[in-house]
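Okay, so here's the structure we're looking at.
FYI, it's all coordinate maths here, none of it is from the lab. What you are looking at is a predicted structure, and each value in this text was computed from that prediction instead of being measured. Please note: Cβ atoms are built from the backbone with ideal geometry, for glycine as well, and neighbour counts cover all protein chains shown.
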Amino acid sequence: MIRLFRKRSDENDSSAALKAETPKETPEEKTGFFRRLGNALRGTRQAISGGIGSLLGTRSTIDETLFEEIEDILLGADLGVNATRRIVDNIRLRSNRREIKDNQSLLAALESDMLALLEPVERPLRLDTIGPDEARSDKAATRSSPFVILVVGVNGAGKTTTIGKLSARFKGQGRSVMVAAGDTFRAAAIEQLRAWGERVDVPVIAQHTGADCASVIYDALESARARGVDVLIADTAGRLHTKSGLMDELRKVCRVIKKLEASAPHEVLLVLDAGTGQNALAQAVQFHEAVGVSGIALTKLDGTAKGGIIFAIAEELGLPIRLIGIGEGQDDLRDFEAREFVRALLEG
């Protein structure tokens, strides 16, 4: 198992107090979101819950053959070899202990083991915490510099949309926000961010197409500090994780940011497209090795049957899963909640 991230005890100590930062949903809002989450996960739910349901409907005994068929179903939903092996081995062990006696107890065991994988990585993004390799500062809430979120990922993962939705979220919390259009290779990316900026009333700092990404973000950070902005969200060019030169450029961006603010970026948010399946895991490994990813936003869960990749990410990397994207709407980027996710996945 590859463990690239380790949870710090001080993060747990501070998280409870910081959760008050986001207003609690009403029961009606929670129910509505659960329904939308279930709809978004329809493809993945059919692959897992539907497949196992059909399997159990044709079998009367719980035996090794059943475990092997469940393993095939989970692998087919892109849970990955190690996550699948852990779940199936746990179910097999429970059966040997006679804790699983029928289909209902088997499904309960499946839910429990899925939760055991996902709950450790359920850590929403909180603005007054800093990166995983730094101690939390008691002065974080009153820092003069903005909280800097560096958004990275490959082309097509949904970085621009994620930045726009995050901007709207923070504005809704009463925060002042600025966006740096660091993807200078695509004129369309700059225009998309400007459109989001106009929509949610957030300033966007941009230069001409082909400008140096690090320079754009440096200028944006200077401007954000001068204006007393709370949050700076910096876009970067969508780059293939296999291109070492482009990854070196991303490292340069981090070095340049630190010249102005030693503790920045405070969050390196990797945006992954759930539909890419196991390739998303390879991307996460490469980006983390290059720039130290501190959180993941998993997007486009509504358009894939490969949503099981979230279990592979949790098992192989242990990186915090901050956000999930379940649609195109402004409110469809949500904090990841393990229990709600598993419930929606196994519903029915």
Filtered GluC sites (Glu not before Pro), the stretch 272-348: DSSP coil and at most 13 other beta carbons within 10 Å:
E328
Value of Rg/Rh across the stretch 121-346 [Cα atoms, Kirkwood radius]
0.94
Projecting each Cα onto the charge dipole of the stretch 121-346 (Lys/Arg +1, Asp/Glu -1 at the beta carbon, about the Cα centre), which of H208, Q330, L246 comes out farthest on the positive side?
H208
At q = 0.31 Å⁻¹, the log10 of I(q)/I(0) for the stretch 270-322 from a Debye sum over equal Cα scatterers comes to -1.38
The stretch 207-288 shape via C-alpha gyration tensor axes, a/c threshold 1.5
prolate
Is there a pair in K171/K258; K259/K300; K165/K259 whose C-alpha atoms are over 31 Å apart, and which pairs would that be?
K259/K300
Long-range Cα-Cα pairs in the stretch 248-348 (distance over 24 Å), rounded percent:
28 percent
